Amino acid sequence: MNHSVSISIGLPVHNGANYLREALDSVCAQSFGDFEVMISDNASTDETPAICEEYARRDPRIRVSRSEQFLQHAENVNRAVGLCSAEWVKLFCHDDLMAPACMARIQEFAAKCPPQVGLIGNGEQWLFANGYCYSASVSSSEVQHWEGRAYLRGGLAGARVSPLPSLTTATVRKSAWQAVGGFESRFVHFDVFLWTRMLMHWDYIYTPEVLTTNRIHSAQVAV
């Protein structure tokens, strides 16, 4: 790629051959195309490297970098973000799916974000192993802009606030991610911990629009 892209996708993976093709197919089918995909292959021993190279040959937006040494999950997510060149990074998991308009909508939000916004979250649906897909009903489709510390105070006080993102529903400003030091492996919910630290200094935008599908299965990293 010989031009700077407006947004990056950071995709960490370890032995993800079971669902990686479907995930990458959903990325390649996006209605918006000005992005890069940076895959951090975490010493995979299955067909993951071959699948990554296949898609990289087919689509020049996809690049693959392999760690020969196995990393903790949080460290590999950090590695994926670090490989990305754009200021905004859409995090994505190898077993999840993007709606066709996902990157277009995320890019719209990112382009309009005031400089104090460091995190964007989106609505999602859940795809279960038996094929059942569930999407929670929402009371409002309005995009919500939260001042970071006000969001944290409200959540601690029991007020109704927008949900914090998972990895697949998160888009992060890379400079904000760098400023707080990235994800920490010592925390099981390392994503929630990082978002909390970020919101001490940055604002949060949340759209309830369902842009990603979180696949629920027995081999997912969260298990």
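Using θ = phi - 60° in the Karplus curve 6.51 cos²θ - 1.76 cosθ + 1.60, the 3J(HN,Hα) couplings for the stretch 150-161 round to 5, 4, 5, 4, x, x, 5, 8, x, 6, 6, 10 Hz; x is entered for Gly and Pro.
Only Cα pairs under 8 Å and at least 6 apart count here; give the relative contact order of the chain as a rounded whole percent. Could you put the intermediate results ahead of the total?
Numbers: 436 pairs, mean separation 58.9, N = 223.
Value for the chain: 26 percent.
A cut-off of 5 Å between modelled amide H atoms, ignoring neighbours fewer than 5 places along the same chain, links Val117 with Asp203. The distance between label points at Arg153 and Glu108 comes to 3.2 nm (points 7 Å beyond Cα on the Cα→Cβ vector). Normalised Debye scattering of the chain at q = 0.08, 0.12 Å⁻¹ gives log10 I(q)/I(0) of -0.26, -0.61, counting only Cα atoms as equal scatterers and leaving out solvent.
Given the chain, what percent of its DSSP beta bridges are antiparallel, to the nearest 5? Expressed as a percentage, antiparallel bridges in the chain total about 30. Sequence-ordered 3J(HN,Hα) estimates for the stretch 175-183 from the Karplus curve with 6.51, -1.76 and 1.60 and θ = phi - 60° stand at 5, 5, 4, 5, 5, 9, x, x, 7 Hz, glycine and proline given as x. Estimated at 0.36 nm per residue, the fully extended path between Phe32 and Gln178 surpasses their Cα-Cα distance by 49.9 nm.
Heavy-atom accessible surface of Ser175, to the nearest 10 Å², is about 40 Å², with a 1.4 Å probe and all protein chains retained.
Value of Rg to Rh for the stretch 19-137, rounded to two decimals, is 0.96; Kirkwood radius and Rg both from alpha-carbon coordinates.
Which whole-number percentage describes the relative contact order of the stretch 109-215, with Cα contacts under 8 Å and a sequence gap of 6 or more?
Numbers: 161 pairs, mean separation 55.9, N = 107.
Over the stretch 109-215, the number comes to 52 percent.
Rounded to the nearest angstrom and listed largest first, the equivalent-ellipsoid semi-axes of the stretch 80-194 from its Cα gyration tensor are 22, 19, 17. In the context of the full set of protein chains, residues of the stretch 1-49 present 37 Å² of accessible surface per residue (probe radius 1.4 Å, heavy atoms only).
Quick one: net charge of Phe128's neighbours, Cβ under 14 Å, K/R +1, D/E -1? Provide the component values of the computation, followed by the final result.
Details: positive: Arg215; negative: Asp95, Asp96, Glu124.
Neighbourhood net charge equals -2.
The solvent-accessible area of Cys28, taken with every protein chain present and a 1.4 Å probe, is close to 50 Å².
The values are calculated or read from the model by the stated rules, or taken from the named source; none is laboratory data. Because the structure is predicted, anything quoted here is derived from the model rather than measured. Backbone-built Cβ (ideal geometry, glycine too); neighbour counts: all protein chains shown. Protein only, heavy atoms only, side chains kept; ligands, DNA and RNA dropped before computing areas. Shrake-Rupley method; radii C 1.70, N 1.55, O 1.52, S 1.80 Å.
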